[in-house]
Structures are given as C-alpha cells and as structure tokens.
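Here the structure comes first, spelled out in structure tokens, and everything after it is commentary.
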Amino acid sequence: MSYAKKDEDAEAPGFKLDRTSVFQDARLFNTSPISPRKCRTLLTKIAVLLFTGEKFPTNEATTLFFSISKLFQNKDPSLRQMVYLIVKELASSAEDIIMFTAIIQRDLTVTSDVVYKANAIRSLCRIIDATSVQGMERLIKTAIVDKSPAVSSAALVSSYHLLPLARDVVRRWQSETQEAAGSSKSSGGFLSFGGSSQALAASGTNYMNQYHAIGLLYQMRSHDRMALVKMVQQFGAAGAVKSPAGVMMLVRLAAKLAEDDPSTRKPMMQMLDSWLRHKSEMVNFEAAKAICNMPDVTDAEAAQAIHVLQLFLTSPRAVTKFAAIRILHSFASFKPQAVHSANPDIEALISNSNRSIATFAITTLLKTGNEASVDRLMKQIQSFMSEITDEFKITIVEAIRTLCMKFPAKQAGMLTFLSGILRDEGGYDFKRAVVESMFDLIKFVPGSKEETLSHLCEFIEDCEFTKLAVRILHLIGVEGPKTPQPTKYIRYIYNRVVLENALVRAAAVTALAKFGVGQKDPEVKKSVRVLLTRCLDDTDDEVRDRAALNLRLMDEEDDVAERFIKNDSMFSLSTFELKLVNYVTSTDKSTFSAAFDISSVPVVSHEQALAEERTKKLTTATPTLKAPSTGPAKPKANGTAESSATSAAAAQKYTEIFSNIPELKAYGDVLTSSAVVQLTESETEYVVSAVKHIFKDHVVIQYDVKNTLEATVLDDVTVVVGQSEDEEPVLEEEFIIPAPRLKTNEPGVIYVAFKKAEGNAFPTTTLSNSLKFTSKEIDPTTGEPEDSGYDDEYEVENIELSGADFVAPAFAGNFDHIWEGTGANGEEASETLQLSSVKSLADAAEQLASTLSLQPLEGTDVVLSNTTHTLKLYGKSVTGGRVAALVKMAFSKTSGVTVKVSLRSDEEGLAMSVLQALA
C-alpha cells in the first residue's frame, strides 16, 4: 500500500506532444545509419498527433512525407509497416505525393515479402489520383485475386475507396472481385488476417475477403437492380459464401430489395427464411430482424423467424437471449398476436439474473398478454425495479402507459405501481415518463382522476424538476375545480407559492386563480382571494402581476373572467392554417383589400380535441401496420387537413417560376400541380421524375432529369411524348423546352406543353416517354466534352393523366349537404374494388384520399373500427366544380380490404374520369 499523497490537480497520465518540436526532430530520418527503434518512436509521435486531430501545414507535411521516404532503404519489418501507416495519413495534406508511387510499387511486385503488400496497397490507393488509377489497374487487379487473404482484402477495400475517384475504371474489375467473393481463402479473427494456430483454432476461419468482395460488388452494381438480385441469388446459395459477415451483407441487401421492389419480395423472403437456418448465430439474428422489420409482414412470413428467436431464448449465453428478446420486444409493438406463441419461453426469462433481459421479457409479455395476466406481471415488475437503470425503467413505464389505454379496468393496479415508482430515485426522463403516463390516466380513464391527482399533489411536495412541477400545477388547476372536493388541492398549490422558485410560484398563482373564478361557494372564493392577495408581496414581478390580474378578474362578471381563465374552446388549428394559407397565397389581389376573417374559422371544444387525441393514443398503442422506417420521409397523403393548403402553395410556387419563362407565362396561373412522379429508379444512369401542371386550357409536363454517368455530358436533352394509339388524341403538343446540356450529377429541367383538345376540359390518357439526347465523352486531358458524340434514346416509365389531376382537395363544413347537392344536378359514378395488398382500413383510407386527390371531412380519416369504415371525401375541380366521394370499406383477413367508391361531381364527365385513377 502506498501512503504517498495524491495530487488531484496534477495532469492526467501520458505525455503531451508539440507539433513544432516533433517536426524539428524529424531530422532524425536524414541521419546515417538509420536507427529503426528511434525512427519508430518518432513515427509513433507523429501518429499520435495525427490521430488526435493535429494538422500539419502543407509545407511541413510535404517535408515529412519525403523525409520518411528515405526509411524505405531499411529492411526492418516493423519500421516499414509504421512508415506505410504515416504515409497514408499524411497523403491528404502533403503536395507532390504522386512522385512517391514508384517507391511503393516495388513492394507490390511478385518477389516482395507478403508482409508489406497489404500496407503498400492501402497507402498507394491514398496517394494516386483519378488520372493515375488506370496505370495501377494491373497491380490492383492482381492483388484482388492474390492467394494471401490479407493482400486480397486490402486491395478490395482500397478499390472501394477508389470508386468515387474512378468509377468506370473500378467497375472493370468485376470479374476479379467476383472471383475473390467465391474464393475459399481464410484468415483468423474477425477483423485480422493472421494469428497463431491457437487463435485460429479458437476463432475459426472467417473468409473476411469474401465480405469485402461482396461489399465492392454491391457498389459496382448498385445502379442495376436485376444484377443485384442475381448477385444475391448466386452468393446466397448454400455454401457459396463461407464468411458470416458476407452472408449478413447479403441478408441486408435481400431485405432492401424486397422492400423496394414488390416483384422481388417473394424470392427474397424465401432466401431470408433459408438464412434462418444458417450455422452462424449472427446470420440467424440478422435474417430474423430483417423479416420482422419488413413493412406489412404477414403472420405466416414471420412465423419461422419467431420460432428461431424462441429457440434462442433458451440459449445458455446471455447475449444470445438478450438479442432474441429485444427483437421480439420490438416486433410485439406491431404484431402482438404473432409473438404470443413464444410467451411460455419469455415468461421463463422474467426471473433471469440479467435484469436487462428480464425487463424486455416483462414488457414484451405486457404487450402480448391478456387482461388476466396484468396483475401477476405487475407484481413481478416491482421486485426488481430498483435494480435496473433509468433507460429500462422508461421502457417498462411506456409499456404500462400502453396498457392504461388497452385495459382501463386495470387502472387501479397500474396507478398504484406508477405512484410507487414515482417516489423512487431517478432522473428527469424517467420521472417525466411516469408523469406523462399518469396524465394519460386522467384524460382517458375518468374513474382514476381524483386518486391520480392526489398522487401528483404528493409528488410535487418533493419534486426537484421545475418543468414537471409547472406541468402538474397546470393540470391540477384545470382538473381540480371539476372534482367533488376541489378545496383539498388548494393547500398543495399554495405550498408551492411559499416554498418554490419563481417559475413554480407563477404557475401556482395561475392554478390557484382557477379555483376562485366561477366558484359558487363564497367561502372558497374568499379563501382564494386571501391567498392571491398575499402573493402581491412576492419578490418576483411575474408572480405579482399574475396575482393582480387574477384578483381583478375575480371582481368581474363570471362570463368575462372565464374567457380569460377557464376558456374551454379553441380554434380548429388545421382549418385555421388552411384558411390562412389560402388567404396569403391568393392570386386575386382584391382578396387583400379586406382583413382576414377570423370568424370564418370554426371553434371546437377541448373535449373534441381530446377525443381526437385519444384516438391517436389508441392507434399508437395497438398499431396494425409496421412503423415507417428511418429513412427519407415520404410525401404525406393528400387526405390530411393540410393537403389543400399544400396544394395551393405548390401551385403558387410554380406560377412564380413559370412567370420567368416567356412561353409558359402566356398560359396564366397554374391551377394545380401533382406530386413528383418517379419515372426511373434512383440508381439508374439517368434519373427522371415528372410533375403534371394543369392550366386553364393547357397541360405542361415538367421532367426533372439528372445524368449520373461519370465523364459524360448530354447535349440537347428532350423528351419524346406519345399518346395511346388506340384512342383519339386528347392533347395537342405545342412546344418543348429542352435542357441544353446535362453534366455529371447536374440536374436539368425539360418542359413539354400540350393544349387540351376542343371540348375536353378534363383529358385523360397514358403518355409514353422517351429521353432523347446526344451523348459526348469528356476528354480526360482537357476536361472538356469531345466535339463529336452519338445520338441515343432512353425509355422511361409512362405517365397516367387521370381525372384526379384536375381536382384539388378542399375543405367543407357539411358533407351531407354537398353530397345531396352534387347528386341533384350532377354526374355520379361508382365502382367496387378489392384491395388485397392493403392490410388495414387506416392504410386504405390514406391511399384512397391520396389517389383521388380529395380531402377527408368530418374526421373520417381517423379509422376507429377494424372491420368497417365510411370515408367522406371532398374537393374542387380546376374549373370550380364540386367533387364528393363516399367510400364504404370492409376488412377481412382472407380477402383484405373491399371498397365501394361512389363519386359525384357538378361537371359532366369528371366523376368517371376521377374514378379511373383507381384503375
């Protein structure tokens, strides 16, 4: 034992390095003879500086770079490997490094020691630029198929990094890369390439170069979906790839293909199912996770994955059990009935010594169990709540919060549990989760209000979090006066005025005032007045001002006071936003001659808002569809309350753009614009999308084109648009505005303008599209396109012009009145459809509103039933006519969603053409 005094102010162990002194010491590299030990020490110091964020100026980095090159004369293996490491890191900041390639190439020769080759390849690929990749092509291709797995992997990873510099050159190495992917060279360790015989025996062989080869092949073929499918099928065969990491990459790629392309879903799901029986556990887990994360996965598709995960629950390894139960826990949020079969094995994990596993086990059972099992599970949770971290406590609280919505009859036991853990030690996030759950009990389970308020009042006596205290005081002020004995809450509120900080005192004064305004009991009102009068002497001006205002309001008439303090109504925010957007974006200048009419915005009660919120809570608690993935957000369906506002804003935006184009300016204002329609995949050579713009007498198709080919430009890019030959043309092409030139990854816009045929206000047709251009290669020496090129065409997807393109969603107050009005003098059409691919009524309602370009009314976009639903939709045509749709939907597990769409319009021919959008 040491009795030396510890200096707590001393610097942390280690050594500090100064860049300037290290650079001066680099003269050591020029000495003769070279000392390998001293040079390795100095190189280590340079590495520490580089890896801790220090940057050498360009002149110093260049000097170091060429000084280090002299160390290649030494044969010490450790020194040579250290040199390669530093050279690779200095390459990004030094100049004239291309001169160094000749020295490195000597270590890539056949006669060179294999220990240098991998390091030399990594360094070489950091030094060369795009113009010199082609000169090194033979060396790298040879290294890719080298018999040493270390050299092969180094070449494959380096090729991966060279792709952004010279994609066309690297793509020529596909045959060598495919050979490496199918090779049987093995190496020990997961990320290493060598080791002792004991290490190899312990870790097994892992064929890491196959993993790198498959990753490189994916990058080479990422633009070609069919090539990716063939690659997955080729290497996904049993025994084709021996690397578990390589198979995991194939699993992820197969899942992505199944999600992106419905036509490949079935074969990819079959492959995922076969990987569930792979001999590697991590492949099994990856396949099960991919299946469970698949959008709209069916119970039959997930059954085998659930069975495999259930087997892993009985594994002796804790990490295996944890991985399995975590996947099941996530999947149970969306498909609780599918996980129900694994409940016996999950129950066995409740008493597991690893509390992380036990936590996930109990929360999974809470999601999949029935009402009878809730009490038993709650007792088991209480036994180890004090032994787990706040993160897992929050997981349990969220599960309890869901149960509050699912089983209201069990609210007493849940409230007892929540109030108990509220007194435990914990951070802000944990306490907030508990308080939010108790708030939901008050809102959605009325019988628990008084007891829950009592528990919250006790909590704020010792609450250390100001935000939570303020929120609870507000809730007590809102709900307390409505209880049979409101006076018992006044004491708790006034205690906060006496004991807390200024923020809490201000919130307490406002809550206290709500007990006095509108109070019929004179004694209570007198008591509140006395307490508020005492607050006039508070040290904080905010508290004094609130007390003075509320005292003044208590002297006013009850109606006046309640407008300020107990106002139980609010504007319909979605309608308010819609009308404001329409007002601001109006193209009629006379609109601004009058102020915005706030009286036109409907006022709704808090009960109506609460009902909508409760619906969201319930649908969140027991969703029927897979949650959206964390990728780029897809455009929201037009069936939302904001869709008409968004449509008007988009039309206004395009009108301003077209006002700068003389040919399109003459057409007037854009009446409506469609959402972006993708005509190609995002990985193709030419990425094309389109937007349909509707004018009074014209239709303009806007094509957005991006050229993704390296070293190629496209001149005079146009689109040849054709109409169906079987029908009489409904559009007459007037002109095309081409894109003069498209460079690599540079977007361009092409406009094709049509005039509507005489007497056809709502033309519907299918437009075929062919991209036409002149392709020219870029001269690598000058960087300019060659004078001569070749004409080429590129077919893209068709565009459907339907009646829905001539309709915009609109808001109305009374759907029944509109429905009767359009049926009296207008046109009606109806159709019955079978939506077998749609898995729920909520999904069908969203898709129908989006496809028909109509606005859901009277809250019918919220689906409360799992069997039947009626959707009411409304919109206006570009000529001002009304369009109303009444959709009756029914759901069954065998046939999916069956819908009957009845559609009425004021204008002849519009109803049937809008209905054709569903075809």
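Selection of the range 688-706 for residues being in contact with a Gly (Cβ under 8 Å, 6 or more places away or on another chain) and part of a strand (DSSP E or B) yields Asp704, Val705, Lys706.
Please verify whether Asp787 is charged (D, E, K, R) and modelled with pLDDT of 90 or more, treating the condition exactly as stated. So Asp787 fails the test.
Restricting attention to the range 718-747, the residues that are within 18 Å of Thr684 (Cα to Cα), modelled with pLDDT under 90 and in a strand (DSSP E or B) total 3.
All of Leu886, Leu864, Leu903 fail the test of being crowded, with 22+ Cβ neighbours inside 10 Å and of a type in the set (A, V, I, L, M, F, W, C), apart from Leu903.
Just so you know, in the range 19-37 the residues that are loosely packed, with under 14 Cβ neighbours inside 10 Å and within 52 Å of the chain's Cα centre (by Cα) include one that is modelled with the highest pLDDT, and it is Arg37. Would you confirm, using the coordinates I've provided, whether Leu873 is in contact (Cβ under 8 Å) with a residue 12 or more places away in the chain, surrounded by 19 or more Cβ atoms within 10 Å (Cβ to Cβ) and of a type in the set (A, V, I, L, M, F, W, C)? Answer is yes for this residue.
Among the residues making up the range 227-239, those that are under 17 Å from Asn284 (Cα atoms) and either within 28 Å of the chain's Cα centre (by Cα) or hydrophobic (A, V, I, L, M, F, W, C) (or both) are Val232, Phe235, Ala237, Ala238. Is at least one residue of the range 165-176 surrounded by 17 or more Cβ atoms within 10 Å (Cβ to Cβ), modelled with pLDDT of 80 or more and among the acidic types (Asp, Glu)? Yes - at least one qualifying residue is present in the range 165-176.
Condition test on Val157, is it of a type outside the set (Phe, Trp, Tyr), assigned to a helix (DSSP H, G or I), in contact with a Lys or Arg (Cβ under 8 Å, 6 or more places away or on another chain) and modelled with pLDDT of 85 or more? In short, yes.
Considering the range 651-687 alone, what residues qualify as being hydrophobic (A, V, I, L, M, F, W, C) and part of a loop (DSSP other than H, G, I, E, B)? Within the range 651-687, Ile661, Ala666, Val670, Leu671, Ala675, Val676, Leu679 qualify.
Among the residues of the range 889-900, the one identified as surrounded by fewer than 18 Cβ atoms within 10 Å (Cβ to Cβ) and within 12 Å of Asp843 (Cα to Cα) is Gly896.
In the range 807-882, which strands (runs of 3 or more DSSP E) lie fully inside it and hold 2 or more residues that are of a type outside the set (A, V, I, L, M, F, W, C) and touching a Leu at 6+ places or on another chain (Cβ under 6 Å)?
Numbers: elements: 807-809, 827-835, 868-877.
Correct list: 868-877.
Yes/no matrix, rows are residues, columns are (1) within 21 Å of Thr585 (Cα to Cα); (2) surrounded by fewer than 14 Cβ atoms within 10 Å (Cβ to Cβ):
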{"position": "Glu656", "(1), (2)": "yes, yes"}
{"position": "Leu664", "(1), (2)": "yes, no"}
{"position": "Val670", "(1), (2)": "yes, no"}
{"position": "Ala690", "(1), (2)": "no, no"}
{"position": "Ile694", "(1), (2)": "yes, no"}
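In the set Val719, Val749, which member is within 30 Å of Asp261 (Cα to Cα), surrounded by 14 or more Cβ atoms within 10 Å (Cβ to Cβ), of a type in the set (A, V, I, L, M, F, W, C) and more than 33 Å from the chain's Cα centre (by Cα)?
On the way: Val749 fails: more than 33 Å from the chain's Cα centre (by Cα).
Residue meeting the stated conditions: Val719.
One residue alone among Thr672, Thr646, Thr640 is of a type in the set (S, T, N, Q) and modelled with pLDDT of 80 or more, and that residue is Thr672.
Report, by residue number, each residue of the range 679-701 that is touching a residue at least 60 places away in the same chain (Cβ under 8 Å) and either under 25 Å from the mean Cα position of the chain (by Cα) or within 17 Å of Ile750 (Cβ to Cβ) (or both). Before the answer, list the steps.
Step one: list which residues in the range 679-701 are touching a residue at least 60 places away in the same chain (Cβ under 8 Å), which gives 679-681, 683-686, 688, 690, 692, 694, 696, 699, 701.
Those that are touching a residue at least 60 places away in the same chain (Cβ under 8 Å) and either under 25 Å from the mean Cα position of the chain (by Cα) or within 17 Å of Ile750 (Cβ to Cβ) (or both): Leu679, Thr680, Glu681, Glu683, Thr684, Glu685, Tyr686, Val688, Ala690, Lys692, Val699, Ile701.
Taken over the range 67-84, the criterion of being under 44 Å from the mean Cα position of the chain (by Cα) and surrounded by 17 or more Cβ atoms within 10 Å (Cβ to Cβ) is satisfied by Met82, Val83, Tyr84. What's the number of the only condition in (1) in contact with a His (Cβ under 9 Å, 6 or more places away or on another chain); (2) of a type outside the set (Asp, Glu); (3) under 24 Å from Ser356 (Cβ atoms) that Arg317 fails to meet? For Arg317, the exception is condition (1). If you scan the range 136-153, which residues turn out to be in a helix (DSSP H, G or I) and β-branched (Val, Ile, Thr)? If the condition is that a residue be in a helix (DSSP H, G or I) and β-branched (Val, Ile, Thr), then Ile140, Thr142, Ile144, Val151 are the ones that fit.
Assessment of the range 371-383 against the conditions (surrounded by fewer than 18 Cβ atoms within 10 Å (Cβ to Cβ) and modelled with pLDDT of 80 or more) yields no matching residue.
The sole residue among Thr131, Thr142 that is of a type outside the set (A, V, I, L, M, F, W, C) and within 20 Å of Ala91 (Cβ to Cβ) is Thr131.
The single residue among Glu797, Glu734 that is in contact (Cβ under 8 Å) with a residue 40 or more places away in the chain, assigned by the TED database to the domain that holds Ile661 and of a type in the set (Asp, Glu) turns out to be Glu797. Would you check if there is a residue in the range 773-782 being surrounded by 18 or more Cβ atoms within 10 Å (Cβ to Cβ), among the aromatic types (Phe, Trp, Tyr), closer than 30 Å to Thr131 by Cα and in contact (Cβ under 8 Å) with a residue 24 or more places away in the chain? Yes: one or more hits.
Yes/no per residue for (1) touching a Phe, Trp or Tyr at 6+ places or on another chain (Cβ under 8 Å); (2) surrounded by 14 or more Cβ atoms within 10 Å (Cβ to Cβ); (3) closer than 23 Å to Trp275 by Cα; (4) at pLDDT below 90:
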site	(1), (2), (3), (4)
Leu191	no, no, yes, yes
Ala202	no, no, no, yes
Asn206	yes, yes, yes, yes
Asp224	no, yes, no, yes
Met249	yes, yes, yes, no
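Can you pull out every residue in the range 783-806 that is exposed (fewer than 11 other Cβ atoms within 10 Å of the Cβ) and touching a Leu at 6+ places or on another chain (Cβ under 7 Å)? Glu793, the sole residue that qualifies. For the range 38-66, taking the residues that are among the charged types (D, E, K, R) and part of a helix (DSSP H, G or I), the one that is surrounded by the fewest Cβ atoms within 10 Å (Cβ to Cβ) is identified as Lys38. The criterion of at least 2 residues that are touching an Asp or Glu at 6+ places or on another chain (Cβ under 6 Å) is met by the following helices (runs of 4 or more DSSP H) wholly inside the range 280-353: 299-312.
The values are calculated or read from the model by the stated rules, or taken from the named source; none is laboratory data. For clarity, every value in this text was computed on a predicted model and none was experimentally measured. Heads up, the Cβs are rebuilt from the backbone with ideal geometry, glycines too, and the neighbour counts pull from every protein chain shown.
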